[in-house]
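To start, the structure under review is shown below, and the notes come after it.
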Ligand code: C2E
Ligand code: CA
Ligand code: CA
Ligand code: CA
């Protein structure tokens, strides 16, 4: 961040200068990431607590930078959002997730995949139609692609957002509200947008077994979501104690390091083949 200088000029410390330089370099390098096949999706399973089944996976992007190695999305997604490159990346993520769904089908695995959609992609007013088109072109089973959005989608007006959701849902694409509870307007968001799933942000879930305030909040979110007919997924479940608590509180599904970390497609395939089914 910039500091306002004496005469209203912004001044930069050496560290800020370095950061700006790194950002500019990262941006240059990122321009070739898609065409040079440097992007990869990793997949993290989501478990339904009642049945114990893996119902779907979340696709999480990874960038193999030739010089820097693996770059985390927290570092380059915000940059891609600023430069507009996120639209190309978002398109690639969906193509890759759809191709992966088809590959899994060939192994006899019916797996749904959730992809993240950045708020910055919503400036494209045809986004919903484009996603539906991508799904149809890929010929995947109905319902096998899902999307995750955050409440910052509210930057568009309510009617447009409603149209967005309805276009997707009419094509069998279920929508999850991501990072629920961290925004400024969670409640009004819930009232206005009929999403299918709600993901409790991991800041509420993390270490909840030793924090009664977090438990109370998680409880409230679960009750709220259920009363609106939403399926609840708790993110960031790192310990068995959290899973036990969430189960007792009728949370529907969990995602987190306790079950599995995000992994490559090959690792996921082995994970699923080894996974006990009953
Ligand atoms: P997110 O959508 O909230 O994704 C969940 C993040 O939590 C992932 O981080 C995942 O690795 C991490 N996580 C999962 N379980 C645990 C756990 O038990 N403990 C902890 N501490 N972390 C856990 P990741 O993969 O680094 O992604 C970070 C964020 O980057 C994502 O947060 C999402 O906002 C963004 N992102 C990732 N992939 C994409 C993408 O394809 N498109 C867009 N637009 N954004 C993406
Ligand atoms: Ca997500
Ligand atoms: Ca999340
Ligand atoms: Ca997040």
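The values are calculated or read from the model by the stated rules, or taken from the named source; none is laboratory data. Here the structure is a predicted model, which is why all the values come from computation and not from measurement. When we count neighbours, we look across all protein chains shown, and the Cβ atoms used for this are built from the backbone with ideal geometry, even at glycine.
Pull out all pairs, ordered by first then second residue, where Cβ-Cβ is under 6 Å, the residues are six or more apart or on different chains, the first lies in region 245-257 and is more than 14 Å from residue 219 (Cβ to Cβ), and the second is assigned to a loop (DSSP other than H, G, I, E, B) and modelled with pLDDT of 95 or more.
Between residues of region 245-257 that are more than 14 Å from residue 219 (Cβ to Cβ) and residues that are assigned to a loop (DSSP other than H, G, I, E, B) and modelled with pLDDT of 95 or more, the close pairs are 254/237; 255/235; 256/236; 256/237; 256/238; 257/238.
Does residue 200 satisfy being modelled with pLDDT of 85 or more and touching a helix residue (DSSP H, G or I) at 6+ places or on another chain (Cβ under 6 Å)?
Working: modelled with pLDDT of 85 or more: yes; touching a helix residue (DSSP H, G or I) at 6+ places or on another chain (Cβ under 6 Å): yes.
Judged against the criteria, residue 200 is a match.
Which numbered condition in (1) part of a loop (DSSP other than H, G, I, E, B); (2) at pLDDT below 95; (3) surrounded by 21 or more Cβ atoms within 10 Å (Cβ to Cβ) is the only one that residue 183 fails?
(3)
Without any contact (Cβ under 8 Å) to a residue 24 or more places away in the chain, at positive phi, part of a loop (DSSP other than H, G, I, E, B) and surrounded by fewer than 18 Cβ atoms within 10 Å (Cβ to Cβ): does that describe residue 108?
Working: without any contact (Cβ under 8 Å) to a residue 24 or more places away in the chain: yes; at positive phi: yes; part of a loop (DSSP other than H, G, I, E, B): yes; surrounded by fewer than 18 Cβ atoms within 10 Å (Cβ to Cβ): yes.
Answer is yes for this residue.
Under the condition of being in contact with a strand residue (DSSP E or B) (Cβ under 7 Å, 6 or more places away or on another chain) and within 16 Å of ligand 4 (Cβ to nearest atom), which residue from region 94-145 is nearest to residue 54 (Cα to Cα)?
This residue is 114.
Given the options 171, 97, 176, name the one that is touching a helix residue (DSSP H, G or I) at 6+ places or on another chain (Cβ under 7 Å) and either within 16 Å of ligand 2 (Cβ to nearest atom) or in contact (Cβ under 8 Å) with a residue 12 or more places away in the chain (or both). Quick ask: steps written out before the conclusion?
Numbers: 97 fails: touching a helix residue (DSSP H, G or I) at 6+ places or on another chain (Cβ under 7 Å); 176 fails: touching a helix residue (DSSP H, G or I) at 6+ places or on another chain (Cβ under 7 Å).
None of the other options fit; the residue is 171.
Filter region 111-131 down to the residues that are outside any loop (DSSP other than H, G, I, E, B), away from ligand 3 (no atom under 13 Å from the Cβ) and either under 18 Å from the mean Cα position of the chain (by Cα) or closer than 23 Å to residue 44 by Cβ (or both) and list them by number. Quick ask: steps written out before the conclusion?
Let us first name the residues in region 111-131 that are outside any loop (DSSP other than H, G, I, E, B), namely 112-116, 119-123, 127-131.
From the residues that got through so far, the ones that are away from ligand 3 (no atom under 13 Å from the Cβ) too are 112-113, 119-123, 127-131.
Across region 111-131, the qualifying residues are 112, 113, 119, 120, 121, 122, 127, 128, 131.
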